[in-house]
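Notes follow the structure.
The values are calculated or read from the model by the stated rules, or taken from the named source; none is laboratory data. Since the structure is predicted, the reported quantities are computational estimates derived from the model, not experimental observations. Every residue, glycine among them, receives a Cβ derived from its backbone with ideal geometry; neighbour counts consider all protein chains shown.
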Amino acid sequence: MAATPPPERPAYGMPNMPMNVARLPIPGNAEFLLYIVALIVSAIVTAASDHITQGDWFSFFQWTTIAYLLSRGVAKASRVLEQ
């Protein structure tokens, strides 16, 4: 009686690619979309409101941009592989 070979394990990850390689992010991520939507909504609120000025919108734009850039920097730094 011939011995049957053990079943093959399924391949996880990308085939033929070493596992110690950092992967690049896919362009057009959800964070950027949320950033754009927040700025558009705040621009609409600024245009419709009598109490919120363009200076307030610019301040919101400035701090939202800073927060977005910091979050992307932290996300990219977490993907750096130690060699």
The number of residues in the range 49-70 that are hydroxyl-bearing (S, T, Y) and in contact with a helix residue (DSSP H, G or I) (Cβ under 7 Å, 6 or more places away or on another chain) is 2
Given the conditions (1) in a loop (DSSP other than H, G, I, E, B); (2) in contact (Cβ under 8 Å) with a residue 12 or more places away in the chain, report the number of the one that F61 does not fulfil. (1)
Among the residues of the range 4-35 satisfying the criterion of being within 21 Å of R72 (Cα to Cα) and exposed (fewer than 10 other Cβ atoms within 10 Å of the Cβ), which is modelled with the highest pLDDT? A30
